[in-house]
Amino acid sequence: MEVPAGTGPGGGWPELRVQDWSGTRDTLHLWTQIVGKIRMAHAPMLNHWWHVTLYVSPRGLTTSTIPYSNGAFDMEFDFHEHVLRIRTSNGSGAGIRLSPKPVAEFHAETFDALDRLGIATVIRAVPNEVDPAIPFAEDYLHASYEKEAVRLYRAQLIQADRLINVFRSSFRGKVSPVQFFWGGMDLACARFSGRPAPRHPGGIPNCADWVMAEGYSHEVSSCGFWPGGGDEGAFYSYAYPEPEGFTGSMVEPSEATYDHDLGLYLLPYEAVRRAPDPDRHVLRFLQSTYTAAAVAGRWDRTALETDPARLRHRANRGPEPPL
């Protein structure tokens, strides 16, 4: 895989330790769940729950286009101006200020805005994958919002999204978009072998087992960025089902370790930020952990992986002539 030039030590990779923004992170996590559930209420069902996710945008996180009646709308967390924007295909819109406020208040303001725009929406208004799961309308516990921390988190997401998309490009089998799963608050991308997987056992807090069974219906090697991993967040990689020999594989870089409790490889964000070439550090981790999963799982790599020479040829051709 072609590795782009790095950005230098700390260039574009802000320092943001979990302990420095845990209150804001937890509040923002719940706000993204509300918005994600609104998308889920209107979008057609896709395999592996791909219809419920958010995506990194230049300004923060977006739902992308959501169908409604004979039109559409979208919702975007603008982490530059600290506003949740709602825009409709008929030209109307609304904004909810992002500031220190309880989840209950954010929930009420968001649904008031949808009502004013004529977007009737019903969600299951309880968070998933967290414990305890306080109903949104009753949550006055989580009420932190530090603008600078959110700005730094947005910069982390931009970097992670950029590099995971580079990694994604070298696979021609079934592969997910790079997408933000609001249940775990992680940015993720999954590659599939094409074979069905044994039913996932579930057991995730406040998440029905059948939800996990749908998410993991087929063999997968998944990677991503999680702001809750370790002291400063981490890039991660795992396989489901985990093939024999995966945990003993040689992965790169040297700071990567396997967490037996979580069942995944972790590369601390701070190790990336301090590396001479952060881009190369991340891509070595993503590639080596995927290779470990594919080799141990006996994936048909010739059929699934893109020939690097073809990508280089396409990249060097220049602009295509007009049709």
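Quick note: the coordinates plus some simple rules give every number you see, no bench work behind them. Bear in mind the structure is a predicted one, so any value in this text is a computation, not a measurement. A quick note on method: Cβ atoms are made from the backbone with ideal geometry, for glycine too, and the neighbour counts reach across all protein chains shown.
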In whole Å, what is the distance between the alpha-carbon centres of the stretch 166-206 and the stretch 240-280? 17 Å
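Order by neighbour count: W210, W21, W49, fewest other Cβ atoms within 10 Å first, most last. The partial results should precede the final answer.
Details: W210 11, W21 21, W49 17.
Fewest-to-most Cβ neighbours within 10 Å comes out as W210, W49, W21.
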Charge dipole of the chain built from unit charges on the beta carbon (Lys, Arg +1; Asp, Glu -1), centred at mean Cα; most positive-end Cα among S169, L61, L141 is S169
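Suppose every K and R has +1 on its Cβ and every D and E has -1 on its Cβ; what is the size of the dipole of the stretch 18-138 about the Cα centre, in Debye to the nearest 20? Before the final figure, lay out each step's value.
Working: 10 positive and 13 negative charges, 65 e Å.
The dipole of the stretch 18-138 has a size of about 320 debye.
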Taking the chain as a Gaussian network, where each spring joins two C-alpha atoms under 10 Å apart, which residue of S176, S254, S237 fluctuates the most? S254
Of N47, W226, P253, which is farthest towards the positive pole of the chain's charge dipole, taken about the Cα centre with +1 and -1 on the beta-carbons of Lys, Arg and Asp, Glu respectively? N47
In debye, nearest 20, what is the charge dipole magnitude of the chain about its Cα centre with +1 on Lys and Arg Cβ and -1 on Asp and Glu Cβ, if you could check? 1160 debye
Which log10 I(q)/I(0) values does the stretch 31-153 give at q = 0.12 Å⁻¹ under the Debye formula, counting every alpha carbon as one identical point scatterer? -0.43
In debye, nearest 20: dipole of the stretch 147-306 around its Cα centre with unit charges on the Cβ of K, R (+) and D, E (-)? 580 debye
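Report, to one decimal in Å, the Kirkwood hydrodynamic radius for the chain based on all distinct Cα pairs.
On the way: mean 1/r = 0.0481 Å⁻¹.
After inverting the pairwise mean of 1/r, the radius is 20.8 Å.
Taking the convex hull of the Cα atoms, report for the stretch 147-306 its projected area averaged over all directions, in nm².
On the way: hull surface 38.5 nm².
One quarter of the hull surface, i.e. the mean projection, equals 9.6 nm².
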Applying the span-like rule to the chain (DSSP H, Cα extent along axis at least 30 Å, Kyte-Doolittle mean at least -0.5) gives 18-42, 147-168
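Within a 10 angstrom radius of the beta carbon, how do V220, V295 rank from fewest other beta carbons to most? Before the final figure, lay out the partial values.
Values: V220 23, V295 14.
Exposure proxy ranking, most exposed first: V295, V220.
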In sequence order, what are the phi-derived ³J(HN,Hα) couplings for the stretch 72-85 according to the Karplus relation 6.51 cos²θ - 1.76 cosθ + 1.60 with θ = phi - 60°, rounded to whole Hz, with x for glycine and proline? 7, 8, 9, 9, 9, 7, 8, 8, 7, 9, 6, 9, 8, 9
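In which sequence would S89, S221, S69 go, from the one with the fewest C-beta neighbours within 10 Å to the one with the most? Please report the intermediate quantities before stating the final value.
Details: S89 14, S221 26, S69 11.
Arranged by neighbour count, lowest to highest, S89, S221, S69 become S69, S89, S221.
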